[in-house]
């Protein structure tokens, strides 16, 4: 379990790194800070030393200050970004069998709204 948690912590920061280099620095070229909202448990827990270490390495690498705001336990369900995003994703894949990881990624990637929402998805 410990090894799995360590892998998840590295992958969580790697996902942030990928977002920064593929989208973040293009959308926010003059930013000095990166703000991350996270739930309170699992791989991005406020108690995780590896999570903090990997975030610090990313901050040093990018030259950005990284701020993490953790939702209190049991409240991540009120994360506005997740609510705005996942209701459209689940609508998009409703009634379709999720037979493989690639099917899931493609369904997420093809999620759009009339208001202009576009979703990026990739396999790690």
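The values are calculated or read from the model by the stated rules, or taken from the named source; none is laboratory data. Every value quoted in this text rests on a predicted model; they were computed, and no experiment measured them. Here Cβ is always computed from backbone atoms with ideal geometry, including for glycine, and neighbour counts include all displayed protein chains.
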**Request:** Would you be able to say whether some residue in region 36-54 is more than 20 Å from residue 119 (Cα to Cα), at pLDDT 80 or above and in contact with a strand residue (DSSP E or B) (Cβ under 9 Å, 6 or more places away or on another chain)?
**Result:** yes
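Residue-wise test of (1) under 20 Å from residue 23 (Cα atoms); (2) in contact with a helix residue (DSSP H, G or I) (Cβ under 9 Å, 6 or more places away or on another chain); (3) outside the structural domain of residue 39 (by TED's automatic domain parsing); (4) surrounded by 10 or more Cβ atoms within 10 Å (Cβ to Cβ).
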site	(1), (2), (3), (4)
83	no, yes, yes, yes
92	no, yes, yes, yes
95	no, no, yes, no
100	no, no, yes, no
103	no, no, yes, yes
117	yes, yes, yes, yes
121	yes, yes, yes, yes
**Message:** Restricting to region 99-124, and then to whatever is more than 26 Å from residue 10 (Cβ to Cβ) and assigned to a loop (DSSP other than H, G, I, E, B), can you tell me which residue is modelled with the highest pLDDT?
**Reply:** 99
**Request:** Would you mention how many residues in region 18-32 are more than 14 Å from residue 65 (Cβ to Cβ) and not in a helix (DSSP H, G or I)?
**Result:** 1
